[in-house]
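Down below is the structure, laid out as structure tokens.
The values are calculated or read from the model by the stated rules, or taken from the named source; none is laboratory data. Just so it is clear, the model here is predicted, and its values are computed rather than measured. For neighbour counting, all protein chains shown are included, and Cβ atoms are generated from backbone atoms with ideal geometry for every residue, glycine included. Each accessible area value is taken on the protein alone, full model and side chains, heavy atoms only, with ligands, DNA and RNA left out. Shrake-Rupley method; radii C 1.70, N 1.55, O 1.52, S 1.80 Å.
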Amino acid sequence: MELKYCGLFGFILLTSLALDGIPAFSVTTSNAKPTVKENQTVDLYCEYSADFQNPRVEWKFKNPSGSTTFVFYSAQITDKYKNHGVTTPNNGKSIHFVTATRQDTGTYDCEVTSITTGDFRSVSIYLLVQVPPTSPQCRIPATVTTGTAVTLKCQDSACSPACTYRWFKDKMLMPVDPKGSLAFANSSYSINPNSGDLVFSSVSKADAGTFSCEAANNIGSPLTCTAAQMLVEDKNVGGIVAAVVIVLLILALLGVGLWFAYRRGYFQTKTQSKPNVIYQPAERATNEDFKQTSSFVV
């Protein structure tokens, strides 16, 4: 019984608010995720309730990278979109693309503000412009060394929605999991179908071959890049050993040269020592010092 009275009270309260003119502002759209093929026509719709008194309508566009710009502002299409062939047939309640391009893919916000009351509401619409695949760009190394990690890349940045990728070796489809295939059971690779990367964790001679990549997104026909050959070569052990021997010989010769120079005294400092001379003045002779040492007869 209490629940019944509560429900009845709520209904009466809501009815009273509506009769009193309390606004229930709302902004909606008939299609929140429209799709269109490139270069075709598309319309985005925005409906708002009559509660908005003197409404101001604005449209904003945010591209996949996050950059935002106005499409409809101050009751008119901005210059950028005028040149793009965009119009507003009914005062901002919709925007009309004469020819949608891949750059138009993104989120469109229809924002409605009551100038009288300041109330604000918005609705988001995501437009997807469908673009078929183009020939993907493949990066395949011509020569790699056994035992190293190698990545082959495949990318088509234009396709919308984003492409998925498949790799072929010698015209044979490479499974995502090589262990499930007898032809590739001995390979150590992984494939990311979303990024297009083919990664060999430790490439071997058996991984050599001619590779190509296919891009597809169910819009138009899949396309493949030009096939390219990848050679796998062994490490040049002989060259490494020869280089080490040459370095050791150079160090040995340098050591012998230094030893020989040391033995010849090239690293010793030569100094000349002067004799210690003490100068003493000569003594004068006196009569007492004179003695006859010999005699003679005339």
| For peptides 109-116, 139-146, sequence by mean Cβ density within 10 Å, most packed first | 109-116, 139-146
| All other residues with a Cβ under 14 Å from the Cβ of Met174 taken together, and with Lys, Arg as +1 and Asp, Glu as -1, what is their net charge? | -1
| request: Treat every Asp and Glu Cβ in the range 39-82 as -1 and every Lys and Arg Cβ as +1, leave all other atoms uncharged, and give the resulting dipole magnitude about the Cα centre to the nearest 20 debye. | output: 240 debye
| Contour minus Cα-Cα distance for Gln76 and Arg263 (0.36 nm per residue) | 57.7 nm
| query | Accessible area of Ile250, 1.4 Å probe, to the nearest 10 Å²? | reply | 100 Å²
| said: Can you compute 3J(HN,Hα) from phi for each residue in the range 156-166, using the Karplus curve 6.51 cos²θ - 1.76 cosθ + 1.60 with θ = phi - 60°, rounded to whole Hz and x for Gly and Pro? | reply: 10, 7, 8, 5, 8, x, 4, 6, 10, 10, 10
| note | For Thr117, the residues 5 or more places away or on another chain with a placed amide H closer than 5 Å to its own amide H are Gln53
| field | Most to least accessible of Leu152, Leu254 (protein chains only, probe 1.4 Å) | value | Leu254, Leu152
| Protection proxy ranking of 125-132, 168-175, 40-47, 181-188 - average other beta-carbon atoms within 10 Å, highest first | 125-132, 40-47, 168-175, 181-188
| task | Within 10 Å, count the other beta carbons around each residue, average over each peptide in 83-92, 206-215, and list them highest first. | result | 206-215, 83-92
| query | Okay, which of the range 93-114 sit inside 20 Å, backbone N to the point 7 Å along the Cα-Cβ direction of Lys62? | reply | 95, 103-113
| message | So if I place +1 on the C-beta of Lys and Arg and -1 on the C-beta of Asp and Glu, and nothing else carries charge, what would the dipole magnitude of the range 95-239 be about its Cα centre? I want it in debye, nearest 20. | response | 420 debye
| request: Would you kindly derive the ³J(HN,Hα) couplings of the range 125-133 from the backbone phi angles with the Karplus curve 6.51 cos²θ - 1.76 cosθ + 1.60 (θ = phi - 60°), listing them in order in whole Hz, with x for Gly and Pro? | output: 10, 9, 9, 10, 8, 7, 10, x, x
| message | I'd like to know which of Val86, Phe52, Thr113 lies farthest towards the positive end of the charge dipole of the range 34-150, counting +1 on Cβ of Lys and Arg and -1 on Cβ of Asp and Glu. | response | Val86
| said: Taking 0.36 nm per residue of sequence separation and subtracting the Cα-Cα distance, how much length would be gained by fully extending the chain between Thr35 and Asn192, in nm to one decimal? | reply: 53.9 nm
| What's the extension gain from Thr146 to Ser221 if we count 0.36 nm per residue and subtract their Cα-Cα distance? | 23.3 nm
